[in-house]
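Notes follow once the structure below has been shown.
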Amino acid sequence: MSSLKGHLEHFGLQELLQTLSHGARTGTLQIERDHEKVAIVFETGHITFVRPGTASQIRLRSILLRCDMVSEQDLLQARDDQKQTGMLLGRALLERGVVDDQQLAQALRLKAEEELFDLFLWEHGTFEFFPDQIDSTAEDQVNKITRIQVDPMSVIIEGLRQADEWKIIRDRISDLRWILIPVPDAPIPAESHSIWKMIDGQRSIEDILKSSTVTRFDTCSILYRFIEEGSLREATAGEMLQVARGFVSKSPATALPLYQALIDRAGESLGHELLDEAADCAAAIDPDVQSQMIRRSAEILKNRGDEFESWNRLQRLLVLCPGNMEDLKSSWILRKQIPARRIDSILDELVKSLRRAGDHRQLLTVLREAETVRAGDANYWLLRGEVLHRCKDPEAGSCLSRAIQLSKNNQPEIALRAEKILRNLDPELALDENLVEKLRKRRDILDSSRKLKKKAAMASLVLASIFLILHLSSEWRAQGLLAAAKKIETSGLELSSLLSAVEAYERVATEHPWTFAGSSGTTEGIRLRRQIDNRRESEQFALETNLNKQRSERIQKLVEVRSVISKAKSQRKAGDATTARATLDSLSDEDLKMLPEIELNSLLFPVVITSKPAGARIYRSDRSFLGKSPVVVDLRHDEVRQYTVERSGCRTSKVSVSGSSNAVVNVSLVRGPLRTYSLPNPVNHSALTGKFLVTTGRDGTVRIIDTAELHPIRQQQVGVEGHPAPLLVEKSNRVLVVPFAGRPVIVEENGSIQTFGPTATAPWSTACHLQRGWVLGDVEGNVIHLNSNGSLVWEYQCKSPITLMASLKNKELWVIDKSRYLHRLDSDGNQVGPKTMLAGDAAQIFPDGRILFQNGFTWKSNQSTPGPKPVTGSRNEGNRNFYGTERGWVVLESNRIKKYTTSSPPSCAPLQASEKTGGIWVAGIDGILRLQQANGEIDSEVELGSPAVNLHRSSNGQILVTLSDGRLCDVEELQR
Amino acid sequence: MISNALLTLSILIGTSSNETVTADEVRYFDTNLIQIQARIEDRIGNSIQLGGFSERVAVSPEVKIPRRGTRERAPLVNLSMLRQPSGWEIVDAKISTSWDQTLSSHFERLSSKPTAQRYSICQFLLRESPTGSRGQLWRTLTTQWITDPIRWLQLGGDHLSSEEILTREIERKNLQALAMKAGLYFHQDRWFSRDQFFLVKKLAEIDGHVLDLDRARLKKLGENDLNRMLIQSKKNNVPGEIQAGTSRKTLLSLWGDPSQVTWVRWQNHMIEQWDYVTQVVRIIDGRICTITPKAE
């Protein structure tokens, strides 16, 4: 309930605010002017919220931008939120976290102040104060509006100041929709440059206000000053129109206010052209505005007497605002310009509108005016009678009688209705009962006939629908089949795919003949069949051409093959089997297949059978003698024959040969050793001195074998049975035998055995020669040097078990201990340089100072070279060192490592063969001794039976082999 | 007694070191009172053995040493030690804070210490760090030893011997030559510390002399048990059976050649050890004295 109410003319805003502020009032003050309503909420005399009459978000937006609180992007996103949730812009920004409460309150305060300042310009209006009502609307509660606190007194002072100035400004800037244009050659104001920059002859004042970073009042003040200073002027109507036209296509929303400003300013001189343009512009934005413009344009044209053009615009209006009574009235007035077919509809609509509005007088006028048009229409007379009856006009009777007269035959329901009204009007005027009865019957007949027609129509409709559904269903299935057929067609380019596609198309055509898809199926089927036929034809042609080409090529090739065969035959006849075979080998299997079978069966391929060693006797499978190797056999391409190759001293070998075998088939004959002698115990070490072979084994016995007789001549127990076999060191035809425990012995050149040096105090672990004497190392780290008589020369202590020793070419003695230290000693036992730590466990020291490690690396002068891992001891021959590896053997010469592979890993260090044979003797762990060349070719194989312990070349040129099982054998280097 | 201890503490407070140091650093300080961090390795009676400190340390009767409980390793403790005429005595003990704090506090001290002390701190950190993070810690310590990488490698060898990270870092930084200078051994594609290499190779170092471990044991056996061995070897034996008193020849004929043999001579007796696949046979003067199963 309000406590304060009045008019602004009597009680100004200033007094209102002062009163409410001083009274510390709480409530809502509502101010209203020309449908615009503003609500100001007071809480204990302070303004906490202002609800403006117009949409306020635009202002808040500009304030937020002006204060640089948000970006355009933030506002766009917040607007999206607004659209989705319906929340206020400020709340949306707050929830997005773009602004905080404080910033929003500041912006809202500025907004409220500006809105209040605007109110001071209101010179008329009403106000009403609702005490204790602070939620102006329920919507505010829902939207959780942000409350601010504005002091009304400060608003009053500033508001009054601005109001005074606004009055002056408004004299120059009356319409904010107008455009300002810079005056050419006028001085450009130095200050407020940002606003000056906005004036581009395109923007309206309102646009400038929106974009300005200062308040609306300040912006307008600045613009006012620019105009006063002559820097700016208002655009002329022509310029405005030009700008508006420029905006029509790209931004009609910008153009429309310009047009409206122009229309408002035109006054009496307003022409329909401007209105038409404005209407076109408004079409895209606001149909109501567009209608208003067209209506005004039609009005102007009608006033000017251009009824035709006026009717044209009214026609647009009838479409834009159907049923608008004013438009219909205007159209009816212009009925002379309207084609007859449109008059009826306009009249009907007008009548309907007037009846709905209850304007019977106007309706009667319209009906009377329409008499000329509808004189023969019973319905017209009924309507006119009804209206007249309502208006209690006595003319109603005659109208109704006329309606009865016109309708009694064809439209009995109208006649009956008219009669009813007539009866009400005056029972005297009522029709005869019989006549009424007749009319009723007639109506019933017409009704039943109408119903029948309706039913028939319904039945036809149902049938049509069923037919349509069936047809659609059939069409749908056919379309499915057609799509499948198309898919088949596109799935592959092969003929089979295309044939399948044709079948599918034809199926569509036969199964659904009355459908669109069926018809397409027929067309597509024919097209594809034609395509297939064409393709078949071209393929057939290509095939025939190809066959002819192949045939001619084949004949040519056959001629060539026959000439090669004839050439080979003549070569073979001349005795040159190898060349003949090479000629035949130039023919491929494909070439041979071209030959007729009888011809191929008669073709013989020469194969040379050779043996290693040569001169072996070759027998056929029936034991008939073929000849001594090498022999030549002529065989058919697929004919396989077996031959036996025999040679004295060698194991018999069988070989299968066919025409497709290699031109030369080599048979390697494994021979046996020349002589063999078995010692009673296995052998671990052996050494050759002069004509004697010295062996030791784990039985602790040293045996001296005469190599000429291959028979032991002497033996002596030097070590303990079960201990590791005594070591053997050969030098200058003497062999030092070092037992694991006990006293060493020396085997002289003549085979005699003598004790040598001291008895071991700890197990001897290694020994080597040094100058004319010997050096022994033990597991206690002691190194002793004995001269040739076995007397001690010097001693050295390594403080770690000795693992390896060797004397070098430079007369140094290298000692390696288990801690991996290398001790270099001179010939007098003095240490040379500091001991060196080695990178791994040493396997061998070579005379040139190279160390071979167990992991295969070799080391010399601090340089490591990777190599294969040794699996045997090494043998030194001149500058070359040989040792066995897991895959073969290695020759180490200076820094170069050459690797060779064998079929079986070696069991002992390989032995270089004599210069006559060349190659390397390698005893494999498979018990076969092979003479192998560097290219991997095996020249000779000797079956030993067990892995060899060592290989020696005896003085008579034979290879002496010591086997691990205790056998000794000698092998001829060159087999006789 | 407590008041006496407190009095001593208050008197000595002037000569005490304020910072908490590691057990490995104690030798660098000549103060009478010292705060250390250490792990208790063993306790015998009233004295304890600390990790990284060779001397045994007495425990004051008032002090309660934190127990190991169910922990896998004894806890790291902060100890206050007082120098007594008889040696160091623990006067206060409490469980140390988290390892991360210990690590960061000692790590900060590293840069300000001389090389030897820095090395001791690193030894402590690597020894006491959790096994899983030791490699990473050692790698981090590289920054402390840029000028002396051999020391860094020695630290790695001491604490990460044969571990993959040690080998990987040496290979990656191409420090093989320096690793050998640092006394590391490359064996079976891994880098080993000297001690571990000797263990793998069955070597023992006695008085600066490297010996085969079996040989060293055999020597010791001869030294201690010669008479017993002689008595055993003279036992009558059942022919065809391997037992004490059996001759070497019979052993050979029944069991064949041994895989490894070593012998020592002691007081004119030859003592041998023959290793078979599962048994170790000791022989004195050609007769078996003991047969023992081979240890793994």
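The values are calculated or read from the model by the stated rules, or taken from the named source; none is laboratory data. These numbers were taken from a predicted model, which means no experiment stands behind them. Every residue, glycine among them, receives a Cβ derived from its backbone with ideal geometry; neighbour counts consider all protein chains shown.
Remarks
- Lone unmet requirement of (1) exposed (fewer than 15 other Cβ atoms within 10 Å of the Cβ); (2) at pLDDT 85 or above for A:Ser353: (1)
- Test for A:Asn950: is it among the polar types (S, T, N, Q) and buried (at least 21 other Cβ atoms within 10 Å of the Cβ): yes
Residues checked against (1) within 12 Å of chain A (Cβ to nearest Cβ); (2) of a type in the set (A, V, I, L, M, F, W, C); (3) under 18 Å from A:Ala839 (Cα atoms):
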residue: B:Gln117; (1), (2), (3): no, no, no
residue: B:Leu141; (1), (2), (3): no, yes, no
residue: B:Arg172; (1), (2), (3): no, no, yes
residue: B:Phe198; (1), (2), (3): yes, yes, yes
residue: B:Glu205; (1), (2), (3): yes, no, no
residue: B:Asp212; (1), (2), (3): yes, no, no
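- Screening segment A:791-895 for strands (runs of 3 or more DSSP E) wholly inside it with 2 or more residues that are in contact with a strand residue (DSSP E or B) (Cβ under 6 Å, 6 or more places away or on another chain) and either surrounded by fewer than 22 Cβ atoms within 10 Å (Cβ to Cβ) or of a type outside the set (Lys, Arg) (or both) returns the ranges A:792-797, A:802-807, A:813-817, A:821-825, A:842-845, A:851-853, A:858-860, A:870-877, A:880-885, A:888-893.
- Flag for A:Leu416 being assigned to a helix (DSSP H, G or I), within 27 Å of A:Arg335 (Cα to Cα) and free of Cβ contacts under 8 Å to residues at least 40 places away in the same chain: no
- Within segment A:706-734, considering residues that are buried (at least 20 other Cβ atoms within 10 Å of the Cβ) and hydrophobic (A, V, I, L, M, F, W, C), the one nearest to the other protein chains (Cβ to nearest Cβ): A:Val720
- Residue check, B:Leu221 crowded, with 17+ Cβ neighbours inside 10 Å, facing chain A (nearest Cβ under 10 Å) and not β-branched (Val, Ile, Thr): no
- Sole residue being modelled with pLDDT under 80, out of contact with any Ser or Thr (no Cβ under 6 Å at 6 or more places or on another chain) and of a type in the set (Gly, Ala, Ser), chosen from A:Ala78, A:Ala112, A:Ala138, A:Ala92: A:Ala138
Here's the yes/no breakdown for (1) modelled with pLDDT under 90; (2) among the aliphatic types (A, V, I, L, M); (3) in a strand (DSSP E or B):
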site: A:Gly615; (1), (2), (3): yes, no, no
site: A:Gly627; (1), (2), (3): no, no, yes
site: A:Val633; (1), (2), (3): no, yes, yes
site: A:Val645; (1), (2), (3): no, yes, yes
site: A:Val655; (1), (2), (3): no, yes, yes
site: A:Ser661; (1), (2), (3): yes, no, no
site: A:Val667; (1), (2), (3): yes, yes, yes
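- Hits in segment A:95-109 (condition: in a helix (DSSP H, G or I) and either surrounded by fewer than 21 Cβ atoms within 10 Å (Cβ to Cβ) or modelled with pLDDT under 80 (or both)): A:Glu95, A:Arg96, A:Asp101, A:Gln102, A:Gln103, A:Ala105, A:Gln106, A:Arg109
- The condition of being touching a helix residue (DSSP H, G or I) at 6+ places or on another chain (Cβ under 6 Å), among the aliphatic types (A, V, I, L, M), modelled with pLDDT of 85 or more and not in a helix (DSSP H, G or I) does not hold for B:Ala58.
- From the options B:Lys113, B:Lys94, B:Lys64, residue that is under 23 Å from B:Gly157 (Cβ atoms) and over 23 Å from the mean Cα position of the chain (by Cα): B:Lys113
- For segment B:177-195, taking the residues that are touching a strand residue (DSSP E or B) at 6+ places or on another chain (Cβ under 7 Å) and within 10 Å of another protein chain (Cβ to nearest Cβ), the one that is farthest from A:Gly856 (Cα to Cα) is identified as B:Arg194.
- Listed here are the helices (runs of 4 or more DSSP H) enclosed by segment A:513-602 that have at least 3 residues being among the polar types (S, T, N, Q): A:516-573, A:577-585.
- For segment A:402-434, a residue qualifies if it is buried (at least 21 other Cβ atoms within 10 Å of the Cβ) and among the acidic types (Asp, Glu), and exactly one does: A:Glu419.
- Among the residues of segment A:61-90, those identified as assigned to a helix (DSSP H, G or I) and out of contact with any helix residue (DSSP H, G or I) (no Cβ under 9 Å at 6 or more places or on another chain) are A:Gln73, A:Leu76, A:Lys83, A:Gln84.
- A single member of A:Ala464, A:Ala478 is of a type in the set (Gly, Ala, Ser), surrounded by 13 or more Cβ atoms within 10 Å (Cβ to Cβ) and part of a helix (DSSP H, G or I), and it is A:Ala478.
- Residues in segment A:766-790 that are outside any strand (DSSP E or B), closer than 19 Å to A:Tyr821 by Cβ and not aliphatic (A, V, I, L, M): A:Glu780, A:Gly781.
- Among the candidates A:Asp591, A:Asp576, the residue that is over 20 Å from A:Ser656 (Cβ atoms) and over 60 Å from the mean Cα position of the chain (by Cα) is uniquely A:Asp576.
- The number of residues in segment A:785-816 that are touching a Gly at 6+ places or on another chain (Cβ under 8 Å), within 14 Å of B:Val210 (Cβ to Cβ) and aliphatic (A, V, I, L, M) comes to 2.
- Among the residues of segment B:82-119, the one identified as touching a residue at least 40 places away in the same chain (Cβ under 8 Å) and in a loop (DSSP other than H, G, I, E, B) is B:Ser96.
- Subset of segment A:779-809 that is within 14 Å of another protein chain (Cβ to nearest Cβ) and of a type in the set (D, E, K, R) - its residue that is farthest from A:Ser874 (Cα to Cα): A:Lys799
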